[in-house]
Amino acid sequence: MVLSPVIKKLREGDEQTFRELVEQFRERVFNTALGMLQHQQNAEDVTQEVFLEVFRSVARFRGDCSLSTWIYRITVQKSLEHIRSGQRKKRSGFIFSIFGMEDQVNIATEAPFYHPGIQLENRERAAILFSAIAKLPVNQRTAFVLHKVDGLSQTEIAEIMKVTISSVESLMVRAKQRLRELLAYYYEKNEK
């Protein structure tokens, strides 16, 4: 296996190479995390976690995929871990509320998510769309965000998710169908 000069330098602990890597991928990592999590502070936290993981595990990078694919995989994994930990917190909040201990857990409904790249006049629509995206099953959400938010090809998504291209196509078809179902009422009511 032949490793790229960048990987070799990273393995040697070259700080300048690591800074350049962070600069090169920071925005893409943040946008992917933001699309998955729909919360700016959480996306910033995940972005930091991703680069910490890259720094810690570069010695174990086998080179069986491109560096960018590996970083996207870490980003998706860290985002999913964050989603799962949030779901555990919500379940414990529900359990506490059942037993009358609401004072101990803050069970607030979240404010609508506004992606920073969305024009002001489109924010309400974007918030509705992102709310629907959040309701997609994890694999559909991942494929949809990587394709529609990050602009990756189905081939790249298949490599990141470690699935076939036909699986990505299927995930995209099901995600679009589910989004149509979730958004139908809103558009019938508001877009006449």
With label points set 7 Å from each Cα along the Cα-to-Cβ direction at GLU27 and GLU44, the distance between them in nm comes to 1.9 nm
Yeah, segment 1-84 with a ≥ b ≥ c from its alpha-carbon gyration tensor (a/c under 1.5 is rounded, else prolate when a/b outruns b/c, oblate otherwise) is prolate
Note: probe point = Cα of ALA134 + 7 Å toward Cβ; backbone nitrogen < 11 Å; residues of segment 1-41 passing the test are 37-40
Length gained if SER66 through TYR187 is fully extended, taking 0.36 nm per residue and subtracting the Cα-Cα distance, is 39.5 nm
GLU20 neighbourhood, Cβ < 13 Å, K/R = +1, D/E = -1, net charge 0
The FRET efficiency for ALA126 and ARG19, from their Cβ-Cβ distance with R0 = 30 Å and rounded to 0.05, is 0.35
With x for Gly and Pro, the residue-by-residue ³J(HN,Hα) of segment 163-171, computed from phi through the Karplus equation 6.51 cos²θ - 1.76 cosθ + 1.60 at θ = phi - 60° and given in whole Hz, is 10, 7, 5, 5, 5, 5, 4, 5, 4
With x for Gly and Pro, the residue-by-residue ³J(HN,Hα) of segment 24-30, computed from phi through the Karplus equation 6.51 cos²θ - 1.76 cosθ + 1.60 at θ = phi - 60° and given in whole Hz, is 5, 10, 4, 5, 5, 4, 4
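Bear in mind that the values in this text are calculations on the coordinates, not laboratory data. This structure is a prediction, so every number in the text was calculated from the model and none was measured. When we count neighbours, we look across all protein chains shown, and the Cβ atoms used for this are built from the backbone with ideal geometry, even at glycine.
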